[in-house]
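K.L.:
Before anything else, here's the structure in question.
The values are calculated or read from the model by the stated rules, or taken from the named source; none is laboratory data. The shown structure was predicted, so the numbers you read here are calculated from the model rather than taken from an experiment. No Cβ is skipped: glycine too gets one built from the backbone with ideal geometry, and neighbour counts run over all protein chains shown. When the accessible area is computed, the model is the full protein with side chains, heavy atoms only, and any ligands, DNA or RNA have been set aside. Shrake-Rupley method; radii C 1.70, N 1.55, O 1.52, S 1.80 Å.
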Amino acid sequence: MMDSTTKTTTAKAKMDATQAFRATAENGSVQAKEAFEKMSAATAEATALINNSCSTAVKGAQDYNAKVIEFANANTEAAFAFAQKLFGVKSPSDFIQMSTEHSRKQIETLTEQTRELAALAQKATLASAEPLKTGVTKTFGQATWT
């Protein structure tokens with residue numbers, strides 16, 4: 001049979017263990033809540049960055065498409081101008097000379113147009129990717145795990 005001192009000591013030990021368990025559980029809950037809040041903020045920031053990046057990409061695509069249409073229009077006008085010149089050809093040698101000159105000019109034009117489109121595509125890609133890369137690195141770099 002247990003005496004009263006032993007009962008008191010056992011009851012106190014149970015009470016201490018219960019309080020320690022409760023404190024640990026509360027501390028774990030607070031840490032989980034803090035981690036969740038940090039990740040929620042980081043996710044919201046990342047979402048905003050992605051939306052911004054997509055807007056930038058759409059703008060870049062619109063600029064690229066506008067340039068393609070501009071080039072198509074210029075090339076069509078050059079083709080019609082060449083066709084009109086061909087109606088005035090009086091000899092086979094004039095035809096060959098005009099054709100050679102037109103072909104040379106068109107190759108130069110197409111080469112320059114290709115350079116411009118490549119530069120525009122690169123600019124649009126970098127403009128949309130860099131803020132996303134920087135922002136995501138910053139956002140998730142701030143979310144520390146404790």
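K.L.:
Express in Å², to the nearest 10, the accessible area of residue 50 obtained by rolling a 1.4 Å probe over the protein heavy atoms while all chains stay in place.
P.N.:
Counting only protein heavy atoms, residue 50 exposes about 80 Å² to solvent.
K.L.:
Give me the net charge for the shell around residue 57: Cβ to Cβ below 14 angstrom, other residues only, Lys and Arg +1, Asp and Glu -1.
P.N.:
+1
K.L.:
Go through 38/59; 67/90; 59/105; 85/105 and tell me which ones have a Cα-Cα distance over 25 Å in this structure.
P.N.:
Over 25 Å apart, Cα to Cα: 38/59; 67/90; 59/105.
K.L.:
In addition: Return the FRET efficiency for the residue pair residue 74, residue 130: r is the Cβ-Cβ distance, R0 is 30 Å, and the value is rounded to the nearest 0.05.
P.N.:
My answer for the efficiency is 0.45.
K.L.:
How high is the FRET efficiency from residue 54 to residue 115, r the C-beta distance, R0 30 Å, rounded to 0.05?
P.N.:
0.65
K.L.:
Return, for the Cα atoms of region 49-138, the radius of gyration and Dmax in Å, separated by a comma.
P.N.:
Final numbers for Rg and Dmax: 20.3, 70 Å.
K.L.:
At most 10 other Cβ atoms within 10 Å and a DSSP loop assignment: could you name the trypsin sites (Lys or Arg not before Pro) in region 22-103 that fit?
P.N.:
Of the trypsin sites (Lys or Arg not before Pro), the ones in loops of region 22-103 whose Cβ has at most 10 other Cβ atoms within 10 Å are 90.
K.L.:
How much accessible surface area, in Å² rounded to 10, belongs to the heavy atoms of residue 114 with a 1.4 Å probe?
P.N.:
90 Å²
K.L.:
Using a Förster distance of 22 Å, how high is the FRET efficiency between residue 38 and residue 137, based on the Cβ-Cβ distance and rounded to 0.05?
P.N.:
Between residue 38 and residue 137 the formula returns 0.90.
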